[in-house]
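Visitor: Here it is: the structure, laid out below.
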Amino acid sequence: MFTPKSGKVVKVGIAQMDVAKSPDTIRTSGLGSCVGVVLYDETKKIAGLVHIMLPDSSLSRTETINIAKFADTGVKALLDKLLLEGAQKYRLKAKIAGGAQMFQFSSAKEMMRIGPRNVEAVKKILNDLGIPLVAEDTGGNTGRTIEFDPATSKLMIRTVNQGVSEI
Amino acid sequence: MRHPDINSLHLDILKEIGNIGAAHAATALSDLLNKKIEMRVPKAEMVTFNEMVEMMGGAEQVVVGIYLRIEGDLEGSMFFILPVEQANRFIQHLIHDGRFDFRTNASDLGMSAMQEMGNILSGSYLSAMSDFLHLNIYPTVPGLSIDMFGAIISIGLIEISQVSDYVIMIDTSILEEGLENTEMKGHFLLLPSPESFDVIFKALGVE
């Protein structure tokens with residue numbers, strides 16, 4: 001982050017996904033209870049990022065679904081997109097961040113625990129797909145902006161109070 | 001679901017709700033601080049999640065956010081969002097401590113004053129709205145967070161996201177008198193759940 005880059009930053013919004021190749025980097029901003037999932041191929045120096053909001057597409061009560069919104073469909077769709085871009089499945093690894101609980105409530109309502117549930121759902125689908133999770137920065141009660149650099153396979157995480165860290 | 005049934009009359013009604021709620025809350029804030037508070041014309045818009053975040057200044061902007069859930073005849077989320085500098089000014093004034101700062105010098109007293117301010121303002125907003133609509137509305141105890149706007153608002157968006165990819169937001173901004181030309185704008189944001197719109201329109205006899 002501290003050296004000038006020749007590439008551009010691919011920005012991923014809420015419930016969206018995209019792919020970046022070195023020297024570009026890929027970023028999503030202001031993750032709260034949402035989870036940012038990065039899948040990357042170190043050899044090809046290509047990475048995909050999906051910003052998921054909900055654990056399971058069965059929670060959807062809409063007729064058509066935005067696949068990038070859910071952990072189960074989003075991670076799978078990102079995998080397919082990366083394979084189309086030339087990534088090799090056996091080389092893919094994952095790093096994830098987010099899943100915070102921004103507000104502390106005594107309310108037992110399930111929606112308040114959505115952050116941890118999103119993280120659990122992402123781990124389950126990664127496991128089902130056989131993609132190793134090599135690093136994570138999840139939980140807590142703080143927002144995160146994350147940026148992945150396919151050239152170095154580092155995920156930079158910025159929070160309001162703890163500054164910048166890398167996993 | 002793009003809420004195909006929402007037309008401009010509906011949006012006008014939602015603006016009126018924002019108007020009534022925020023006017024009461026602004027008066028309560030003005031009484032609390034003994035300062036003049038200006039209120040802008042409310043906005044009611046149907047936008048995507050990402051459009052909403054952009055309209056409010058971007059996901060990474062650090063804000064002081066009060067959040068509560070609404071339950072009862074209506075459901076949804078209510079947020080009171082202040083730029084950190086403006087929240088600092090209000091709390092410094094309220095607790096007579098010019099050194100208070102949410103980022104660098106946040107005392108317990110200041111934090112609970114902010115919590116209480118959130119309680120009072122959201123209470124005035126929602127009771128005015130409840131009277132206007134003749135509906136029973138039960139707010140939860142407000143929570144407080146100082147963080148990125150995107151992270152704070154996501155709790156409201158996630159709930160809506162189960163039903164829709166669009167959010168209808170009722171946004172009323174307030175300003176401290178004398179700071180009209182600055183970025184020091186506070187926002188009362190009401191995000192009714194998609195199922196609650198029919199309840200609102202029916203309560204006012206509009207189909």
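Taken together, the values in this text are just the output of simple stated rules run on the coordinates, not laboratory data. Everything numeric in this text was worked out from a predicted model, so none of it was measured. Because the Cβ atoms are built from the backbone with ideal geometry, glycine has one as well, and the counts that use them run over all protein chains shown.
Visitor: Give me the angle, in degrees from 0 to 90, between the Cα long axis of helix A:114-129 and the longest principal axis of the Cα atoms of chain A, rounded to the nearest 10.
Guide: Roughly 50 degrees between the two axes.
Visitor: Name the shape class, rounded, prolate or oblate, that the alpha-carbon gyration tensor gives for chain A, where a ≥ b ≥ c are the square roots of its eigenvalues, rounded holds for a/c under 1.5, and otherwise prolate holds if a/b is larger than b/c and oblate otherwise. Show your work: numbers first, answer last.
Guide: On the way: a/c = 1.89, a/b = 1.26, b/c = 1.50.
Oblate, since a/c reaches 1.5 and b/c is not below a/b.
Visitor: Among B:L133, B:Q92, B:L11, which residue has its Cα positioned farthest towards the positive end of the charge dipole of region B:8-203, with +1 placed on the Cβ of Lys and Arg, -1 on the Cβ of Asp and Glu, and the dipole taken about the Cα centre?
Guide: Ranked along the dipole, the leading option is B:Q92.
Visitor: Also, quick follow-up: If we count other beta carbons within 10 Å of each Cβ, what is the order of B:D73, A:D80, B:D147, fewest first?
Guide: On the way: B:D73 16, A:D80 11, B:D147 23.
Ascending Cβ contact count within 10 Å gives the list A:D80, B:D73, B:D147.
Visitor: Once you average over the residues of B:56-65, how many Cβ atoms of partner chains fall within 10 Å of each Cβ? Before the final figure, lay out each step's value.
Guide: On the way: counts 0, 0, 2, 10, 6, 2, 4, 1, 0, 2.
Going residue by residue through B:56-65 and averaging, the value is 3.
Visitor: Turning to a different aspect of this structure: With a sphere of radius 13 Å drawn around the Cβ of A:A71, what net charge do the other residues whose Cβ falls strictly inside it have (Lys, Arg +1; Asp, Glu -1)? Please list the in-between numbers first.
Guide: On the way: positive: A:K69, A:K76, A:R117, A:K123, A:K124; negative: A:D56, A:D72, A:E120, A:D128.
Net of charged neighbours comes to +1.
Visitor: Using alpha-carbon pairs under 8 Å, 6+ residues apart, how would you state the relative contact order of region B:78-171 in percent? Intermediate values should be presented prior to the final figure.
Guide: Values: 47 pairs, mean separation 17.9, N = 94.
Relative contact order of region B:78-171: 19 percent.
Visitor: Quick one: helix B:84-95 against the long Cα principal axis of chain B, what's the angle to the nearest 10°, folded into 0 to 90?
Guide: Relative to chain B, helix B:84-95 is tipped by roughly 60 degrees.
Visitor: For chain B, what's the relative contact order in percent, using C-alpha pairs closer than 8 Å and at least 6 residues apart? Don't skip to the answer; put the middle values down first.
Guide: Working: 360 pairs, mean separation 71.6, N = 207.
Relative contact order here is 35 percent.
Visitor: Please get the size of the charge dipole for the protein assembly as shown, origin at its Cα centre, with Cβ charges of +1 on Lys and Arg and -1 on Asp and Glu, quoted in debye to the nearest 20.
Guide: On the way: 35 positive and 46 negative charges, 291 e Å.
The calculation lands at about 1400 debye.
Visitor: Kirkwood Rh, the protein assembly as shown, all Cα pairs: how many Å?
Guide: Numbers: mean 1/r = 0.0467 Å⁻¹.
Averaging 1/r across every pair of different Cα atoms and inverting gives 21.4 Å.
Visitor: Note down the relative contact order for chain A as a percent, whole number, built from C-alpha pairs under 8 angstrom at least six residues apart. Mind showing how you got there, number by number?
Guide: Details: 406 pairs, mean separation 43.6, N = 167.
So the answer I get is 26 percent.
Visitor: In the protein assembly as shown, with Lys and Arg counted as +1 and Asp and Glu as -1 at Cβ, which of these residues, A:V38, B:A22, B:G205, has the Cα nearest the positive end of the dipole, that is, farthest along it?
Guide: Of the options given, the answer is A:V38.
Visitor: Quick check on the protein assembly as shown: helices-only [θ] at 222 nm, where DSSP H runs of length 4 and up contribute -39,500 (n - 2.57) each and the sum goes over total residues. Nearest 500, please. Don't skip to the answer; put the middle values down first.
Guide: Values: 8 runs with 122 residues, N = 374.
Calculated from helices alone, the mean residue ellipticity at 222 nm is -10500 deg cm²/dmol.
Visitor: If you add up the charges near B:M117, with Lys and Arg at +1 and Asp and Glu at -1, over every other residue whose beta carbon is less than 13 angstrom from its beta carbon, what do you get?
Guide: Values: positive: B:K35, B:R89; negative: B:D31, B:E116.
Once positives and negatives cancel, what remains is 0.
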